[in-house]
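The values are calculated or read from the model by the stated rules, or taken from the named source; none is laboratory data. Please read these numbers as outputs of a predicted model, since none were measured by experiment. Cβ: placed from backbone, ideal geometry, glycine included. Neighbour counts: every protein chain shown.
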Amino acid sequence: MSGHWGILVSDPCLQNQFTQVELRSLKNHFMSMRRESGKLVIADLASKMSRLKVVGENLSEEERASYVHDLYQNTDEEVDFELFLKVYLKLQTFANSRTGCSPKNSSAFLKAATTTLLHTISESEKSSYVTHINHYLSQDEFLNKYLPIDPSTNELFEIAKDGVLLCKLINVAVPGTIDERAINTKRLLNPWERNENHTLCLNSAKAIGCTVVNIGTQDFIEGRRHLVLGLISQIIK
């Protein structure tokens, strides 16, 4: 599970390319590479990134070195974590183009529990989930001020950020799973209260049989669409 804040990077576009689980794994790799020689420079990446899946498996060291050199002429430049992530994404895109795989974030995905299987969730499915929510939660005392949700917008993801909607949806699927007195339902929740709601949601989702491996509270607080939709699809189905 993510902590209250998880791993944050200053560029929100870069942050949104990864789940918290992926960021933790990549941060561990980055720290390990940097410890090996005291610092990490561009010239080191071609060899050291061989240990990363997709990039290491589908590109030779020579291919990685050539591609990185084309991107960054100053190979002595020291690499911080954000630059490491940018290089990794570029190499991953290059590797995927070579193998014919789609880039990881080209549409909405749910990562399966024990595999790298990616499940695409279409806009029509999203619309059906919103219709389900609007129907079954329209009389909820707390949520009725936010409903109905317009399926053509991103309202669903904004509303889901505080955790209340997902907890309520679990109780629609399996009544009594969550004691609703335990849900923080103030209009404005602080980060700890949101985290408590999402922890309650994830634990309860697991209890009713949903797959929540590789999903953390921070992923929902940030409104990561593929994970929100992925969990809703499991709860509803």
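Among residues of the range 183-204 that are assigned by TED's automatic domain parsing to the domain that holds Ile221 and surrounded by 13 or more Cβ atoms within 10 Å (Cβ to Cβ), those with a Cβ under 7 angstrom from a residue that is among the small types (Gly, Ala, Ser) and not in a loop (DSSP other than H, G, I, E, B), sequence gap 6+ or separate chain, pair up as Leu200/Ala182.
The residues of the range 120-174 that are of a type in the set (Ser, Thr, Tyr) and either farther than 18 Å from Ile236 by Cα or without any contact (Cβ under 8 Å) to a residue 24 or more places away in the chain (or both), listed by number, are Thr120, Ser122, Ser124, Ser128, Thr131, Ser138, Tyr146, Ser152, Thr153. The residue pairs whose first member lies in the range 25-45 and is assigned by TED's automatic domain parsing to the domain that holds Ala65 and in contact (Cβ under 8 Å) with a residue 24 or more places away in the chain, whose second member is β-branched (Val, Ile, Thr) and assigned to a helix (DSSP H, G or I), and whose beta carbons are closer than 6 Å, counting only pairs six or more residues apart or on different chains, are Leu45/Val68; Leu45/Val87. Residues considered: Asp219, Asp179. Of these, the only one that is buried (at least 20 other Cβ atoms within 10 Å of the Cβ) and either in the same structural domain as Thr19 (by TED's automatic domain parsing) or acidic (Asp, Glu) (or both) is Asp219. One residue stands out in the range 55-85 among those that are among the β-branched types (Val, Ile, Thr) and crowded, with 19+ Cβ neighbours inside 10 Å: the one that is nearest to the chain's Cα centre (by Cα), namely Val55. Scan the range 34-50 and give yes if some residue there is assigned to a helix (DSSP H, G or I) and at pLDDT below 85, otherwise no. Yes: the range 34-50 contains one or more residues that are assigned to a helix (DSSP H, G or I) and at pLDDT below 85. None of Ser102, Ser128 is surrounded by fewer than 16 Cβ atoms within 10 Å (Cβ to Cβ) and either in a helix (DSSP H, G or I) or modelled with pLDDT of 85 or more (or both) except Ser128.
Here Ser152 fulfils each of the conditions (1) closer than 26 Å to Asn16 by Cβ; (2) in contact with a Cys (Cβ under 8 Å, 6 or more places away or on another chain); (3) in a loop (DSSP other than H, G, I, E, B) apart from (2).
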